[in-house]
Amino acid sequence: MGPIGGCLTGRRVILRSDDSDAVLPGQWRHFMAHELTHFLQPGRLPHLPPWLMEGLAEDIASRCEAQTCPEGAFGRWLRAARRRREILPTDRVLGMSYELLSVAFDDWMSPRLSTMVYAFYAQSLILVRHLALTDGDGFRRFLLGFTRPTDVGTWWTTCFKRTSDQVLQEALAGCEAGVNTPVPAPTVGFRLHADGVLLPAVKSRASLSDVRRGALRALGRAGYDYGVEALIEVLADPRDPMREEARYALEDLSGESFGDDEAAWRAHWEASRRVRDAAAPAPAPGPISES
Ligand SMILES: [Zn+2]
């Protein structure tokens, strides 16, 4: 499927090819661009705090993606994470250390902790983007401050008129603005990927648990309503150890929270598809093997 992460060791970028978390084929481009950005940062801006290192790397990486998530997907994920109280307070984003991140990485199997790590990267990215868009000159000056050791809080107050909390709240609100548009039908490329890789992994109890977990998370973050029946089946089985992952995936996709209520989830997706199809009748999609 693809790499789930990388690390920069001296002059090498290592991308671990794994069956976890690969939302879309070709995602290695994202990770490679992310790690190569880190390769350049220490030379020019050696004192960047982690949120700026990661926010800038994610911004470059998102420009290098072969396929991007559909509109509204990020906002729906954000709303789900906010409802589960997994969005980090601004001071935790700005004060994040790599030691704390590595502790959370050790608990990657927990959907809650892995979402909080993901939230750190996502919130760092939207802070960077929002600052660059709304106050480009201030942001340039701010970045150049990290050629030397700099206290983030003091330097922020010098460069920006708004507090970090105001900027983050504005940016989060902007991302959630489009969440009420219907979840789109999948692209052909995503259907092929889901049919070939993600859905077989979710449906087979014989899959390695990491592979199955990665496929569930990938379906949840892809932003399409493809595979929701398989997610509901996992959720509905009281003996399935991945029920919580399935609930997370359904919440991430929809931005809604119906807990473990299988019937409510089914009714939600039926209604969501009706609204979408009424707005723009989909062309015949060809065979779909989702059952
Ligand atoms: Zn990084």
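The values are calculated or read from the model by the stated rules, or taken from the named source; none is laboratory data. Here the structure is a predicted model, which means the values were calculated and not measured. Neighbour counts are summed over all protein chains in view; Cβ atoms, including those assigned to glycine, are modelled from backbone coordinates with ideal geometry.
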Discussion item. Any residue in segment 34-59 that is over 20 Å from Ala119 (Cβ atoms) and more than 11 Å from the ligand (Cβ to nearest atom) sitting within a Cβ distance under 8 Å of a residue that is assigned to a helix (DSSP H, G or I) and not hydrophobic (A, V, I, L, M, F, W, C)? List the pairs, counting only those 6 or more apart or interchain.
Written reply: Arg44/Thr147; Leu45/Thr147; Pro46/Thr147; His47/Thr147
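Within segment 159-196, can you find the residues that are farther than 19 Å from Gly72 by Cβ, β-branched (Val, Ile, Thr) and surrounded by 13 or more Cβ atoms within 10 Å (Cβ to Cβ)? Break it down stepwise before answering.
Applying the first criterion (farther than 19 Å from Gly72 by Cβ) to segment 159-196 yields 159-169, 188, 192-193, 195-196.
Filter once more, so that each one left must be β-branched (Val, Ile, Thr): 163, 167, 188.
Those that are farther than 19 Å from Gly72 by Cβ, β-branched (Val, Ile, Thr) and surrounded by 13 or more Cβ atoms within 10 Å (Cβ to Cβ): Thr163, Val167.
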Response to the item:
Phe105 vs (1) closer than 30 Å to Ser272 by Cα; (2) aromatic (Phe, Trp, Tyr); (3) touching a Leu at 6+ places or on another chain (Cβ under 9 Å): all pass except (1)
Discussion item. Just checking, does segment 85-103 include any residue being more than 28 Å from Thr154 (Cα to Cα), surrounded by 14 or more Cβ atoms within 10 Å (Cβ to Cβ) and without any contact (Cβ under 8 Å) to a residue 60 or more places away in the chain?
Written reply: no
Practice prompt. Inspect segment 112-132 for any residue being modelled with pLDDT of 95 or more, closer than 18 Å to Gly153 by Cα, away from the ligand (no atom under 16 Å from the Cβ) and surrounded by 18 or more Cβ atoms within 10 Å (Cβ to Cβ) and give the result as yes or no.
Written response: yes
Response to the item:
How many residues of segment 1-59 are surrounded by fewer than 14 Cβ atoms within 10 Å (Cβ to Cβ), aliphatic (A, V, I, L, M) and at pLDDT 90 or above? The answer is 1
